[in-house]
Amino acid sequence: MVKNKLKKFSQINAFSNVVQPEIKFPESNTAYKGKWNSDFFRNDYPIILEIGCGKGEYTVGLARTYPEHNFIGIDIKGDRIWKGAKDALEEGIYNAAFLRIQAERINYFFEPNEVSGIWITFPDPQPRGSRMKKRLTSPQFLKRYQDILKPDSLIHLKTDNKELFEFTLDIIQAEGHMLIFSSYDLYNERKIPEPLLLDIQTYYENMYLDKGIPIKYLSFKLKTTEA
Ligand SMILES: C[S@@+](CC[C@H](N)C(=O)[O-])C[C@H]1O[C@@H](n2cnc3c(N)ncnc32)[C@H](O)[C@@H]1O
């Protein structure tokens, strides 16, 4: 098991579609900040992030479907990123990349207005109390997203966890963001805003579906802030 993980760690070092900063906790701007289009993807397509991407099913699946967008899966776990990165390379999907960082450090990697959308897929729910600020939809994280997203960008959340879902709905309302769509049971909705919501399933999603847990989904836009 450990040997297998080490093998994956050494392989992703050589993957051209994985960016792993040498410093785990950078305190200043990093190489691709503001240059993902010009220096990494070498195109002008919009950049969409998947945060806590795990094995990167959305990053790869969206990249396959939308060749005129770039997708970057972000996760701290290299052995998970390995799977998505390997699948993308083998399939020749060059508009998908992976960034191995703590999402708390996202502002050292992207400039204001560099990102055009965010997917958050089955994030760790994190218990109430002091760990709530680690929730990927906490006010602390929304502020980080606000600092890199273009105005009017969509943020998508897919989760099995009712508490996290309702926590996010409460924050959207309390902070004056704009809820676009929400469902407590996505697979039993009659009208779906984006067909890929049902077509792409993540590793964790499949586990919850097998257990019969309803999948919740919402999308929203952050309120615009005064310059
Ligand atoms: C429950 S898993 C879901 C993975 C994948 N999205 C899926 O649906 O199968 C949560 C993932 O988020 C990652 N994660 C949690 N907090 C993170 C953070 N602060 N920065 C980077 N990755 C994080 C974990 O490493 C893990 O891979």
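The table that follows gives values for the structure above.
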item	result
Number of the exception - Lys133 against (1) part of a loop (DSSP other than H, G, I, E, B); (2) at pLDDT below 95	(1)
Output for the range 162-185, where each listed residue is out of contact with any Asp or Glu (no Cβ under 8 Å at 6 or more places or on another chain) and either modelled with pLDDT under 95 or among the hydroxyl-bearing types (Ser, Thr, Tyr) (or both)	Thr168, Ser182, Tyr184
Residue count, the range 98-137 (criterion: loosely packed, with under 15 Cβ neighbours inside 10 Å, within 13 Å of the ligand (Cβ to nearest atom) and basic (Lys, Arg))	2
Those residues of the range 42-63 which are away from the ligand (no atom under 16 Å from the Cβ) and buried (at least 20 other Cβ atoms within 10 Å of the Cβ), in sequence order	Ile47
Where Tyr145 falls short, out of the listed (1) out of contact with any Ser or Thr (no Cβ under 6 Å at 6 or more places or on another chain); (2) surrounded by fewer than 19 Cβ atoms within 10 Å (Cβ to Cβ); (3) within 23 Å of Pro26 (Cβ to Cβ)	(2)
Matching residues in the range 170-196 - criterion: being assigned to a helix (DSSP H, G or I) and either among the hydroxyl-bearing types (Ser, Thr, Tyr) or surrounded by 17 or more Cβ atoms within 10 Å (Cβ to Cβ) (or both)	Ile171, Ile172, Leu186, Tyr187
Among residues of the range 1-30, those that are surrounded by 15 or more Cβ atoms within 10 Å (Cβ to Cβ), closer than 13 Å to Lys86 by Cα and among the aliphatic types (A, V, I, L, M), counted	2
Any chance Thr202 is closer than 30 Å to Lys35 by Cα, in contact with a strand residue (DSSP E or B) (Cβ under 6 Å, 6 or more places away or on another chain), surrounded by 14 or more Cβ atoms within 10 Å (Cβ to Cβ) and not aliphatic (A, V, I, L, M)	yes
Filter result for Gly73 (under 25 Å from Lys143 (Cβ atoms), within 14 Å of the ligand (Cβ to nearest atom) and surrounded by 15 or more Cβ atoms within 10 Å (Cβ to Cβ))	yes
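The values are calculated or read from the model by the stated rules, or taken from the named source; none is laboratory data. Being a predicted model, the structure only gives us computed values, none of them experimental. No Cβ is skipped: glycine too gets one built from the backbone with ideal geometry, and neighbour counts run over all protein chains shown.
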